[in-house]
Amino acid sequence: KLQFLYLIVSERCSRMARFALLLLAACLPSAAGATCRLCKGISAVVTDDWCEQNCNAEVPQCPSTLCKCQAPPPTPPVPKVIGYYSPVWDKGSKGPAGANVGVCFSGWVDPDQALAPYPGPPLQGDKYVSFGGGNHNGRFTDARLKNVTAAIAAGAVNRAGYVGVVFDVEECDAGLAGAFSTAFAASKKAGLQVVMTTSHSSPYGCADGKALVQAFTKDPNIDLLSPQLYTSGAEVCPNFSETEDAGVAWSMWKNAKAPLAPSIGNDAQWPVVSQWAQSQGLALEGFFQWAEVH
């Protein structure tokens with residue numbers, strides 16, 4: 001089975017090879033209405049990630065000598081925030097049931113691109129716009145971040161009809177903690193809500209990701225922190241792994257000034273996400289959904 005190849009590759013191959021196999025495993029067909037469980041490795045030869053992936057597969061490969069899973073979670077708490085991303089490059093998204101925050105998502109840092117007229121279905125609830133993303137166009141540099149701050153200070157976000165901004169910090173140059181702090185403060189001065197989202201526990205493409213997370217979790221001008229609990233966004237079950245080689249454990253998020261509303265694949269993952277957060281000592285306000293609803 002493909003899932004068991006990961007165990008072999010983990011011992012013999014590169015991180016990129018392991019990542020490729022995880023992505024392939026994520027693309028395997030999954031049972032409709034599958035229940036996601038919290039699973040941990042109880043043997044030195046497997047990781048928690050391996051158990052999460054394989055025990056939640058359509059055809060589970062979950063040896064009791066290697067993994068231990070918790071029972072499906074009870075009725076989860078009602079989320080206060082039900083947000084979603086609506087990408088501008090295709091049909092966009094109508095959002096999940098009960099959505100109260102809709103985010104126009106372009107993947108760009110450039111304000112001219114991010115604030116271009118939104119072409120998708122009407123955003124539900126409060127309307128936010130994003131800056132940044134996991135590619136070259138979304139990479140933050142000092143000059144790009146200053147342009148975003150200037151646009152926010154000049155009222156461009158307000159004039160476009162948005163009441164909040166989402167900073168998607170996944171790739172960036174080093175040394176921008178101060179510049180991000182200035183951007184967050186400018187957003188609050190403009191009367192905007194501020195959300196910071198990043199890849200898993202830390203930006204994967206920022207050399208000083210640990211320092212950024214330390215700054216973000218202490219920043220008084222951030223209203224919500226939204227760690228992304230997915231890699232591709234198409235996973236049936238959430239991915240609770242910490243960002244590889246970043247040295248940022250989930251424990252660093254415990255005492256954050258802002259509440260957490262993780263970005264998740266879809267709203268069906270909320271029960272296990274809330275259960276996971278409780279096990280980590282993390283208080284959640286809700287979630288943002290990545291999967292589109294047409």
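Odds and ends about this structure:
- Qualifying positions in the stretch 78-100 - under 24 Å from S279 (Cα atoms) and in contact with a strand residue (DSSP E or B) (Cβ under 8 Å, 6 or more places away or on another chain): P79, K80, V81, I82, G83
- Positions within the stretch 154-185 being open to solvent by 20 Å² or more (accessible area, probe 1.4 Å), outside any loop (DSSP other than H, G, I, E, B) and over 20 Å from G134 (Cα atoms), in sequence order: A156, N158, R159, G178, S181, T182, A185
- Considering the stretch 102-114, and only residues there that are in contact with a strand residue (DSSP E or B) (Cβ under 8 Å, 6 or more places away or on another chain) and either open to solvent by 10 Å² or more (accessible area, probe 1.4 Å) or in a loop (DSSP other than H, G, I, E, B) (or both), the residue that is farthest from L284 (Cα to Cα) turns out to be P111.
- Whichever residue in the stretch 222-246 is at pLDDT below 90 and closer than 14 Å to G209 by Cβ and, among such residues, is surrounded by the most Cβ atoms within 10 Å (Cβ to Cβ): A246
- Count of the stretch 40-76 residues which are surrounded by 13 or more Cβ atoms within 10 Å (Cβ to Cβ) and within 23 Å of the chain's Cα centre (by Cα): 14
- Close pairs (8 angstrom Cβ cut-off, 6 or more residues apart or separate chains): free of Cβ contacts under 8 Å to residues at least 60 places away in the same chain and within 15 Å of D110 (Cα to Cα) in the stretch 144-163, among the polar types (S, T, N, Q) and open to solvent by 60 Å² or more (accessible area, probe 1.4 Å) anywhere: T149/T182
- Residue satisfying all of: in the stretch 257-287; within 25 Å of F184 (Cβ to Cβ) and polar (S, T, N, Q); least open to solvent (accessible area, probe 1.4 Å) among these: S263
- Single residue of the stretch 77-101 satisfying the filter (touching a residue at least 60 places away in the same chain (Cβ under 8 Å) and open to solvent by 50 Å² or more (accessible area, probe 1.4 Å)) that is farthest from A153 (Cα to Cα): P77
The values are calculated or read from the model by the stated rules, or taken from the named source; none is laboratory data. It should be emphasised that the depicted structure is a prediction, and the values quoted were computed from it without experimental measurement. In this analysis, Cβ positions are derived from the backbone assuming ideal geometry, glycine residues included, and neighbour counts consider all displayed protein chains. Surface areas here come from the heavy atoms of the whole protein model, side chains and all, with no ligands, DNA or RNA. Shrake-Rupley method; radii C 1.70, N 1.55, O 1.52, S 1.80 Å.
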